[in-house]
Structure formats: C-alpha cells, structure tokens
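Engineer: Supplied in structure tokens, the structure appears directly below.
The numbers here are math on the coordinates, done by the rules we state, and not lab data. Everything quoted here is computed from the prediction, not taken from an experiment. We place every Cβ from the backbone using ideal geometry, glycine too, and count neighbours over all the protein chains shown.
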Amino acid sequence: MPSVPPPLQVTTRGFDDATRQLLAGWLVRLLARRPLARATLAVERLGDGARWIGAAGAAQPDGTPMQPDTPWYIASVDKLLLAVVVLQLVAQRRLALDARVSALLPPPLWRGLHVLDGVDRSAAVTVRQLLGHGAGLADGLEDRPHGGLPPLVEQVIEGGDRTLAREAIVAHVREHLRPHFVPQDMASPRRRIRYSDTHYLLLGAIVEAVGGQPLHEVLGAHLLHPVQMTQTWFAGRMPAPAGVPAPAVLRAGGRPLAVPELLRSLHGLYSTADDQLRLLRALVHDGPPGFAAAWRAMGTGWRRLPLPRDRAALRLPGWPIDYALGLMRFAPPRCLPPWRRVPALVGHSGSTGCWLFHVPELGLMLAGDVGEASAGALPFRALPPLLHRLAAVPTCH
C-alpha cells in the first residue's frame with residue numbers, strides 16, 4: 001500500500017496553484033528523509049508579499065502537529081542577527097571592526113586562547129577577524145579535544161543537558177584545543193578562514209561590553225524591537241510571547257533532545273517563520289534606518305570555507321560555501337546536484353537544519369527548519385533542487 005503523506009498545515013497568499021503544489025510536494029518529500037520528524041518551509045516574494053508557509057510532522061513527542069506559526073530553535077542563524085548588531089554599533093562609532101579583543105574584554109575571556117607554536121597571539125585578534133572566521137580560533141563546541149574526548153556538543157547530546165557558560169567554553173578552548181592558523185589579514189584575497197563558534201561567542205561578549213547590558217537586552221533594543229519580531233525570544237532568558245505555540249522539540253537521531261540549560265547558556269533563540277521572514281525583509285527590502293547598510297557591510301570580502309572532514313560535518317554547513325561578515329553565500333556548481341545552474345542563496349544556516357536565505361536572482365526569501373542535530377548540511381542539499389524548480393516557474397518570482 002502507498003504510504004500516507006504526513007499532515008501538512010499551510011498558510012498562503014498570492015502564489016499560483018502550480019507554485020503552491022510545488023512547495024507542498026517538496027516539503028512532503030523532505031520530511032520523508034530519515035530521521036526527520038518535522039519540517040517547516042516558508043517562502044516569500046519581495047515586492048508584492050506573496051507568501052507560502054508550510055509545516056508538517058510532529059512538533060512534540062506526543063504527536064502535536066507542526067503549525068505554520070510553531071517556533072523553532074534557530075541555532076547558528078543567530079550569527080546573522082549578532083553580526084547585524086555588531087555592524088550597527090560600528091556605524092554608530094561605538095565599536096571599530098579592527099578593534100582588538102584585548103581592548104574590549106577582560107583578560108580571562110581572551111588571554112591564552114590563541115597560542116600556536118609557542119606564540120600567544122590572543123591579544124591581536126580583532127572584531128573583523130571574529131566576524132569573518134579569520135582568527136583561527138578552535139571551535140569550543142565542535143572541535144575534538146586532545147586525548148580522545150568527544151566535542152563538547154557531543155558530550156551534551158550523549159550525556160544529557162548541562163550548562164556551558166561562556167567562561168567554561170573559553171577555558172575548554174584554552175586547555176584542550178589548539179588554534180588552526182594564525183590570525184589572518186582580512187584584506188588579503190588569500191586569507192584562510194574556518195568556521196568556529198568561539199568567534200561568535202567572543203562577539204557576544206563584546207556586544208555586551210559595548211552595549212552595557214546583557215546580550216539579550218542589547219539584541220532586543222537594536223534588532224528585535226525595531227523589526228517588531230514579537231515571536232522571537234531568548235531561551236530561558238525571556239518569557240515566551242503570549243499566544244505563541246510551544247516551540248518544537250529538538251531531536252538527535254530522531255529522538256527528542258531536551259537541552260534547556262544548554263540553550264539558555266548559549267543565548268539560544270527561538271523564532272517563527274513569520275519573524276524570520278520579517279527580519280530578512282528588513283535587511284534586504286524595507287527595514288528601519290541602518291538595516292540595509294548593515295546588510296551591505298556584512299556582504300563584503302567573501303572567502304570560501306574549507307570542506308568539513310570530520311564527524312562535526314554533520315552539524316556544520318555544507319560545501320561549497322563562501323563567508324563574509326556574518327553571512328553565507330551558497331551557489332552550488334553544476335558538478336553537484338541538481339547538476340544545473342542554481343540561483344545563489346545569501347543568509348545563514350544552523351547546525352540543527354534551519355536556514356534563512358535571500359535569493360536575489362528570484363526576489364525570494366526562504367526560511368525553514370527540521371530541528372535535527374545531525375542535519376547541519378541538509379539545507380545545502382535540499383534547497384538547490386527546490387530553487388532549480390522555482391526558477392523554472394516564471395509566476396513564482
């Protein structure tokens with residue numbers, strides 16, 4: 001007997017029947033991938049505001065279905081949000097891109113973090129290097145420590161929830177990991193970059209120091225409130241907005257993963273498809289003053305991230321990805337599926353299979369999530385075939 005398609009909940013306006021069917025079919029096929037238990041896709045066309053948001057699968061272990069307004073954990077999509085605020089502080093002359101961390105943070109947060117070949121270069125690391133992943137610092141969450149211990153994030157997934165305070169992650173980097181390369185000249189076209197959560201951990205501390213408030217309050221004042229992201233909140237640090245459904249649970253290997261202490265300590269964010277599209281629209285189309293300028297500044301100085309080669313690649317972005325200042329750009333070559341030219345995606349993804357992308361060539365915005373800890377590369381495998389088909393439908397862009 002044919003399998004029964006998972007229940008699909010949709011809100012839509014503006015797109016024609018062919019486009020709506022295309023999007024619904026793609027989402028159903030996505031959810032058929034193991035070990036996924038849920039999936040959300042949101043597509044909006046800039047200009048006329050045509051929109052389609054679909055959700056399928058179970059949001060909770062008891063089978064509660066996903067809805068188009070169900071929030072999800074946005075994982076490293078928050079790097080995009082943090083970069084926007086950093087660039088706003090730069091535009092306000094409260095922060096300089098070439099300022100050193102040693103001038104912005106107390107010594108316990110930076111001293112001894114970058115010791116390579118007996119030379120301590122920690123004090124020389126700059127804001128620009130952190131934004132562009134050019135400092136060479138080890139990834140405190142994903143890199144494997146000396147002695148065979150699993151990475152910190154795997155310790156939590158396998159051993160249970162725990163708090164990973166900023167100071168504890170910094171100490172872990174200092175004591176158990178080593179830098180990958182010396183801090184790079186960010187103006188050089190031959191510079192090396194490597195994705196590292198440690199870079200943005202330090203940026204969060206810098207934003208707190210410059211803003212004079214806890215990170216969630218600075219981001220609230222500079223981004224969430226101006227853009228009216230009323231369905232976005234910091235896990236464990238702010239109450240969930242009234243009237244918003246309970247956030248979808250994370251999963252690891254298809255099994256529920258309850259890690260509230262981890263998400264709170266990492267300043268994790270929950271958000272909805274509507275709020276994610278609202279943010280991207282503010283940056284690329286019609287946002288408050290300063291948002292478009294921040295977006296343009298973030299998209300300068302692209303450089304290719306290296307190909308991930310270890311187990312952490314399951315949670316890291318796919319390949320080939322270019323990175324600038326808090327932005328990813330993905331334009332798969334024709335030697336990769338779907339074997340044809342695909343319009344470029346610009347935005348950010350997260351380790352749990354979430355994404356927020358602008359597609360300039362088609363005038364579209366895409367947001368979505370599958371909430372699976374091993375699905376970091378999924379957006380870069382699943383979205384190109386969708387874009388190829390959308391590009392072939394003149395009425396959808």
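Engineer: Any idea which of S265, G350, A56 is furthest toward the positive side of the dipole for the chain, if Lys and Arg beta-carbons carry +1 and Asp and Glu beta-carbons -1?
Structural biologist: G350
Engineer: Additional query: Report, in degrees rounded to the nearest 10, the 0 to 90 angle that the Cα long axis of helix 378-391 makes with the longest principal axis of the chain.
Structural biologist: 50 degrees
Engineer: How much of the calculated P(r) for the chain lies past 27 Å, in percent of all Cα pairs?
Structural biologist: Of the Cα pairs, 47 percent sit more than 27 Å apart.
Engineer: For T352, which sequence-distant residues (separation of 5 or more, or a different chain) have an amide H within less than 5 Å of its own amide H, given hydrogens modelled in the peptide plane?
Structural biologist: Excluding prolines and chain starts, which carry no amide H, the hits are S76.
Engineer: Work from the charge dipole of the chain (Cβ charges, +1 for Lys and Arg, -1 for Asp and Glu, about the Cα centre) and give the residue of L41, A242, T11 farthest towards its positive end.
Structural biologist: Selected residue: L41.
Engineer: When only alpha-carbon atoms are used, what values of Rg and Dmax, in angstrom, describe the stretch 322-397?
Structural biologist: Spelled out, the Cα radius of gyration and Dmax of the stretch 322-397 are 12.1, 35 Å.
Engineer: In a Debye calculation with equal point scatterers on the alpha-carbon sites of the stretch 203-329 and no solvent, what is log10 I(q)/I(0) at q = 0.09 Å⁻¹?
Structural biologist: -0.34
Engineer: Any idea what angle helix 197-211 forms with the longest principal axis of the chain, computed on alpha-carbon atoms, 0 to 90 degrees, nearest 10?
Structural biologist: Tilt relative to the chain: about 80 degrees.
Engineer: While we're on this one: Hey, could you get me the Stokes-Einstein D for the stretch 44-155, Kirkwood radius over alpha-carbon pairs, 37 °C and 0.692 mPa s, rounded to whole µm² s⁻¹?
Structural biologist: D = 180 µm²/s.
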